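J.: Please find one structure pasted underneath; my questions will follow.
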Amino acid sequence: MPDRRDVIYCYDGSFDGLICCVFESYVKDELPSDICSEEPEQLSLLEIRYIETDTAHSERVLRGIAKRNCSVDFIKQAFLTCVPKRDILILDYIRKLFSYGRKAEFMLADDTVNALNKAVYHCTHEAHLLKGFVRFSEYGGVLAAVISPKNKVIPLLADHFADRLGGENFFIYDDVHRMAFVHIDRRGEILENIDFELPPPDRRERGFRGLWREFYDAIEISERENPRCRMSNMPKRFWKNITEMNRSDTAAKAEILQKNSPLLSENSGDRITSL
Amino acid sequence: MDISEKLKILAASAKYDAACTSSGIDRSGSGGLGNASACGICHSFAGDGRCISLLKILMTNFCLFDCKYCVNRRSNDVPRARFTPAEIAELTIGFYRRNYIEGLFLSSGIIQSPDYTCEQIIETLSILRNKYNFRGYIHAKAIPGAAPELIDRLGTLADRVSVNIELPSQKSLKVLAPDKSKNSILLPMGHISGKIRENRYDIVKYRSAPEFAPAGQSTQMIIGASPDTDFQILRLSEAMYRNYSLKRVFYSAYVPVGDQKLLPPAGTKPPLLREHRLYQADWLLRFYGFRAEELLDEKHQNFDPNFDPKCNWALHHPECFPVEVNTADKEMLLRVPGIGVRSAQRIVIARRQGKLDFKDLKKLGVVLKRAIYFILCGGKRFEGLVVTEAGIMRQLMSESAVKEQEKRDFSEMQITFFDSENAVPTMEDRVKCLTGEM
Ligand code: SF4
């Protein structure tokens, strides 16, 4: 492998863009000391080289990977992860694929291969958890959910929910990476760089949240209480978007009721008496 | 009574059923509402740490029977409620669309007659499947004593059907569940497993045959309500897996429900460690190739609270160790404390690319603290290791080593190259049996 050079590659943040960085590294026969998708904030003495995204270049690299019987999907998944130095790791990984072929994928004790496998596991695991933890609210027939994941899991959730809620109009918004999966009239699309906030729930929606919380509380066996076990299975960072764990909406509502309408008792509010 | 009142009562009376898994079948949505995922999906975790995957409720907690260990027994003075089939169906759909749940787990106390009760459950399921075109997961309890034709109907609507054994011996059954008999439990289980086998054959033969309980059958045993030993329980589980091809046996530590003279008094702590050891042993039967008689025998009828069953086995079989990690077959690797299903798989893959040393093993997810006493790498022991019996014991008993193992189970890298013939524990299995990989 060539030496690290005093150069930083800067690309447009797209997958193809990153693969073009790999292309550049081969053309110049060099290893950049870093790859970034935004101009580094800190003043750097290193040369910054902007890499144009040219799909002709990225396709050549990807074809080469496929020709060696290696998994392009794995690299696409690695691109969704939040592992530090992700782009450099991916570059090193692809270089290993080109030098060792398929064998490299199984070199689980190698530092680069190991780090990327862990990152991809972390990401798919987070996506798996979110298949369960996503909570929709209904707004006039449309279902909406917000998630705050560490990895860009939206592409990994899209197919699952499109299949599960085939006939529904819905969307899932990732407020960390500002992207969303939107599914309308049986067609899905991933949108990037958008902003969104959940509107307050209506009466029926509050009713369902209330029922679900009742169920959640009733199903616990208090003699077996084990908050640590719960925490390790459902880490706290997910709680703010989980209906049964974040009850700030009921607290806020009770306050409004108390302030504004002494006639309305807690009970007459959102209880669903018949469905 | 309003819906929310009913829900509270009928969820609380279903909570002692340990099964809440949704695994075992892959089914796409095909445009309807819902699908099923073979690996199982947990939607939430209750304050007791147990996974919540299904809307687990009773249709009613009125019951004609008087099983001593059960909150819903006739003689117990508790508030009673009953859902209509339509209410259950609407609740399920409302929760499902919001992604609260993976599906429904419906059981019931026995009202009027076992047949009538079963018919009510069938009606609920048909509303879900036919009116709402619901393709999510359904687990239904087969009511003991219901006619075989009704059980058959149930099996074509549900993904999983279960009959709970609850008590592992006939003697305990007689004393504690006077209205039930061994036959009223085993007959439907045998019937269901026969139907499942027949159906798998039909499906191969005629593509269009309707599926019967595609996610299989499960059962549950209560731990600590009767004097039965771990050995009796485990042997029964083994026989169930073999003879009735059960998908899962669940173990539920008994929580006293009111003072009864034949049962542990109120306030007795549920035997959670014992339940845990049984889950570990069950796991060894299903994924590690152990047999019940290897883990316990007539002389040792109960598990040692200090060691997990696999460690216990290893300590009693010094003649099998140490094993050479670079050459040992996978079956033997699986028997090393500190090497789990996944790390064993990784070892087998990684060692084809080159000899492994202790540092590599750590990266592959082996818990070295425990494993070093039992393995060699390239013919050598771990450097500086002094093997004393006391040292081994201390290390194997240490809670922190167990904790570390648990942590790894969840944060380990994934192997994308599983060979599919091997049983691989699902995410749900891992949650259920916390120190799963041993
Ligand atoms: S039949 Fe079922 S619900 Fe009724 S008392 Fe027995 S265990 Fe409880």
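Laboratory data are not the source of any read-out in this text; all were calculated from the coordinates shown. Predicted model only: the values in this text are computed from it and were never measured. With ideal geometry, Cβ positions are generated from the backbone for all residues, glycine too; neighbour counts draw on all protein chains shown.
J.: For a distance above 48 Å, tell me the whole-number percent of Cα pairs in the protein assembly as shown that qualify. Don't skip to the end; give the middle numbers.
T.: Numbers: 57297 of 253828 pairs.
Summing the P(r) tail past 48 Å for the protein assembly as shown gives 23 percent.
J.: How would you rank A:59-71, B:111-123, highest first, on the average number of other Cβ atoms within 10 Å across their residues? Numbers along the way, then the final one.
T.: Values: A:59-71: 15.1, B:111-123: 18.6.
Packing proxy ranking, top to bottom: B:111-123, A:59-71.
J.: For the pairs A:K236/B:K56; A:K96/B:K330; A:K28/A:K85; A:K150/B:K247, flag any whose C-alpha to C-alpha distance is greater than 31 Å. Let's see the in-between values first.
T.: Working: A:K236/B:K56 24 Å; A:K96/B:K330 28 Å; A:K28/A:K85 21 Å; A:K150/B:K247 35 Å.
Pairs exceeding 31 Å: A:K150/B:K247.
J.: Please work out how much length the chain gains when fully extended from B:R352 to B:C320, using 0.36 nm per residue of separation minus the C-alpha to C-alpha distance, in nm with one decimal.
T.: Details: separation 32, 0.36 × 32 = 11.52 nm, distance 2.37 nm.
So the extension gain works out to 9.1 nm.
J.: Calculate how many DSSP beta bridges within chain A are antiparallel, expressed in % of all such bridges and rounded to the nearest 5. Can you show the working numbers first?
T.: Working: 14 of 29 bridges.
So the antiparallel bridges amount to about 50 percent of the total.
J.: Can you pull the mean other chain C-beta count within 10 Å for peptide B:370-379? Numbers along the way, then the final one.
T.: On the way: counts 0, 0, 0, 0, 0, 0, 0, 0, 0, 0.
The per-residue average across the peptide is 0.
J.: Other chains' Cβ within 10 Å of A:107-113 residues: what's the mean? Can you show the working numbers first?
T.: Working: counts 4, 14, 14, 5, 1, 0, 4.
Mean shielding count: 6.
J.: Of all DSSP beta bridges in the protein assembly as shown, what percent run antiparallel (nearest 5)? If you can, show how the numbers build up before the last one.
T.: Values: 19 of 58 bridges.
About 35 percent, rounded to the nearest 5.
J.: State, as an integer percentage, the relative contact order of chain A based on alpha-carbon contacts under 8 Å between residues 6 or more apart. Present the calculation step by step, with values, prior to reporting the outcome.
T.: Numbers: 341 pairs, mean separation 31.7, N = 275.
Result for chain A is 12 percent.
J.: Something else about it: When ranked by the protection proxy of mean other Cβ atoms within 10 Å per residue, highest first, what sequence do the peptides A:84-93, B:349-358, B:44-53 form?
T.: Working: A:84-93: 19.0, B:349-358: 16.7, B:44-53: 22.9.
The densest-packed peptide leads the list: B:44-53, A:84-93, B:349-358.
J.: Treating only the Cβ of Lys, Arg, Asp and Glu as charged (+1, +1, -1, -1), what charge dipole size does the protein assembly as shown show about its Cα centre? Round to the nearest 20 debye. Don't skip to the answer; put the middle values down first.
T.: Details: 99 positive and 96 negative charges, 301 e Å.
For the protein assembly as shown, the charge dipole is close to 1440 debye.
J.: Another question, if that's okay. If you count the DSSP beta bridges with both ends in the stretch B:26-146, what percent of them are antiparallel, to the nearest 5? Display every interim value, and only then the final one.
T.: Values: 4 of 14 bridges.
In the stretch B:26-146, DSSP labels about 30 percent of beta bridges as antiparallel.
J.: According to the Kirkwood expression over distinct Cα-Cα pairs, how big is the hydrodynamic radius of the stretch A:4-124, in Å? Write down the numbers at each step before the final one.
T.: Values: mean 1/r = 0.0687 Å⁻¹.
Hydrodynamic radius (Kirkwood, Cα only) of the stretch A:4-124 equals 14.6 Å.
J.: Considering the stretch B:272-322, what Rg and Dmax in Å follow from its alpha-carbon atoms?
T.: 10.7, 33
J.: Another question, then. Quick check: pseudo-label points 7 Å beyond the Cα along Cα→Cβ at B:D259 and B:V387, how many nm apart are they?
T.: 5.6 nm
J.: From other protein chains only, count the Cβ atoms within 10 Å of every residue's Cβ in B:345-355, then give the mean.
T.: On the way: counts 0, 4, 2, 0, 4, 7, 3, 2, 10, 4, 0.
So the per-residue partner count for this stretch is 3.
J.: Additional query: Eigenvalues of the Cα gyration tensor times 5, then square-rooted: what semi-axes does that give for chain A, in whole angstrom, largest first?
T.: Taking √(5λ) for each Cα gyration eigenvalue gives 46, 20, 18 Å.
J.: Quick one: Debye curve from the C-alpha atoms of the stretch B:309-391, no solvent, what's log10 I(q)/I(0) at q = 0.24 Å⁻¹?
T.: -1.26
J.: Relative contact order of the stretch B:309-391, please, whole-number percent, based on alpha carbon pairs below 8 angstrom and at least 6 residues apart.
T.: 34 percent
J.: Here's a follow-up. Over chain B, calculate the relative contact order: mean separation of alpha carbon pairs under 8 Å at least 6 apart, over the residue count, as a percent. Intermediate values should be presented prior to the final figure.
T.: Numbers: 724 pairs, mean separation 52.3, N = 438.
Normalised by residue count, the contact order of chain B is 12 percent.
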